[in-house]
Amino acid sequence: MAERNNAQSIGFAPRKPLLLLLSFTSTLFILSWFFVLQSASSPNFVDNSLLPSSSSSSKLSAIAENNENSDSRDPNEAESSLTNRSILSNAEEESSQDSSSLNCKYEGNTKPLKVFMYDMSPEFHFGLLGWNAPGKSVWPDIRTNIPRYPGGLNLQHSIEYWLTLDLLLSENSDSSSGRAAIRVRNSSEADIIFVPFFSSVSYNRFSRVKPPSKTSRNKILQAKLVTFLTAQKEWKRSGGQDHVIMAHHPNSMLDARTKLWPAMFILADFGRYPPTVANVDKDVIAPYKHVIRNFVQDSSSYDSRPTLLYFQGAIYRKDGDGVRKATQGMQSSKFCLNIAGDTPSSNRLFDAIVSHCIPVIISDNIELPYEDVLDYSKFCIFVRASDAVKDKFLLNLIRGIGKDEWTRMWKRLKEVEQFFEYQFPSKPNDAVQMIWQAVARKVPAIRMKINRSLRYSRSNVRGERGPNSVPSPRNF
């Protein structure tokens, strides 16, 4: 008994101090939360525009509920999307929800993107098109004079021209309604900083060295661009991470890219860029400007297109008589072959889309415009290169696509072609506005990177400003 009583006293002795400790800890916890809540009454460092409103929260809840209730698709559908005939999975079942995949408008933020554009010398933009600035003017008055962009092969890489015109027009518009982007004059109010350098024109027209000069005008302009940008307060503030630079021609910006790589590039593909300089997480892929004219009032059918599979490889198909022949060939074919050349992508894909000729894509490393919101498997056939070289594989695949399946894809092409159309003034969900929306979807990630890079800015050595420096990437 003595041992039992002693054991009981040993077992119960620590309870009172333990209770006191728990009580004391709870009191401290409550007091700490009181001070935290009190200090959080005015969070000036928080961008409230990024926080969801009650209405958007309820909308997200409704979407989540709908997703839970609508998970009735074939469980093999996701897996089959990786196969060569991804468009054909469940082809016999067309649900009414399929059309939602074509609604490519970015619903996360209905406000237009705020863009600060540098007032750079005309030698970087419209001066390259032969426009002579009157007096000290930097920009043409687009209400009365719109400089022409050169045609032919130059036209396919003309995105810099359309985006710049769109920003200039936004200043002359009475309302931002229906616009994907607007120009702002205060860089501190901007979502991104736009660099109006017509790099594709610079390469196409001025990459050759003209004696007695030993350096091409294209190289000189790139060097000037690097000097200009890195001296700007906006670049120093973010390390260039919130800047947008257009380099759609694969050979443009070859000299400056490793110096300006923290910026967001707008590219045709990543074929001539190392992944440390350009990648899908940081940059935006934009469509080529199609050279073949649109197939207006296309009433063709599977039976009325006599050619099964069309391909014309020479780039001269885009000039003169070649354009007419390619137009006739694509518009009279059921399928159009798009294979990788010296780069993963080409203008041929977008010519096929506006011809309503089902693209057959053989390019394993291709990156496609707006693929985060657009399902290309609904109107394109993807074939792995390793399969395409197998005997009769490609023809058997194409011949296995029946009239009903082809007709569905043909109708999709007619619905999506607007997303690849460059025009001025821009219209809702055309190529210009789709590119701006793609840029807008990158903004939250850019802000996060900038904010993270400023964590230790207070403890930087004297004279060091802006985001922490990072090593330059290796070029090819």
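The values are calculated or read from the model by the stated rules, or taken from the named source; none is laboratory data. Not measured: the values here are computed from a predicted model. As a convention, Cβ positions derive from the backbone with ideal geometry for all residues, glycine included, and neighbour counts pool all protein chains shown. The accessibility values were calculated without ligands, DNA or RNA, using every heavy atom of the protein model including side chains. Shrake-Rupley method; radii C 1.70, N 1.55, O 1.52, S 1.80 Å.
Once the Cβ-Cβ distance of ASP372 and ASP141 is raised to the sixth power relative to R0 = 35 Å, the FRET efficiency obtained is 0.40.
Relative contact order of region 175-316: 18 percent, from C-alpha pairs under 8 Å at least 6 residues apart in sequence. With the biggest extent put first, the Cα atoms of region 398-461 measure 68, 35, 13 Å across the principal axes. One decimal place: the segment THR276-LEU309 gains 8.1 nm when fully extended, by the rule 0.36 nm per residue minus the C-alpha distance.
Checking the cross-link filter: which lysines have an alpha carbon closer than 23 Å to that of LYS224, excluding same-chain neighbours under 8 positions apart? Within the straight-line limit of under 23 Å, LYS224 reaches these lysines: LYS136, LYS210, LYS214, LYS233, LYS236, LYS259. Full extension of the chain between ALA223 and ASN132 yields a length gain of 30.5 nm, computed as 0.36 nm times the residue separation minus the alpha carbon distance. For the peptides 388-397, 181-190, 269-278, residues were scored by their other Cβ atoms within 10 Å and the scores averaged per peptide; the highest-first order is 269-278, 181-190, 388-397.
Could you tell me what percent of the accessible area of region 315-431 is made up of carbon and sulfur, with a 1.4 Å probe and every protein chain present? It is 50 percent, rounded to a whole number. Pop the C-beta distance of LYS214 and LYS414 into the FRET formula with R0 = 51 Å and round what comes out to the nearest 0.05. For R0 = 51 Å, the calculated efficiency reads 0.45. For the peptides 115-122, 322-329, the ranking by packing is 115-122, 322-329, with the highest mean count of neighbouring Cβ atoms within 10 Å listed first. Computed from the Cβ-Cβ distance with R0 of 25 Å, the FRET efficiency linking ARG293 to ARG185 stands at 0.05.
Each of GLU234 and PHE393 was given a label point 7 Å from its Cα along the Cα-to-Cβ line. The distance between the two points is 4.8 nm.
Counting only protein heavy atoms and a probe of 1.4 Å, the accessible surface of region 145-225 is 47% carbon and sulfur.
In the frame of its principal axes, region 223-267 has Cα extents of 29, 19, 13 Å, reported largest first. Extension gain, SER301 to LYS403: 0.36 nm times the residue separation minus the Cα-Cα distance gives 35.8 nm.
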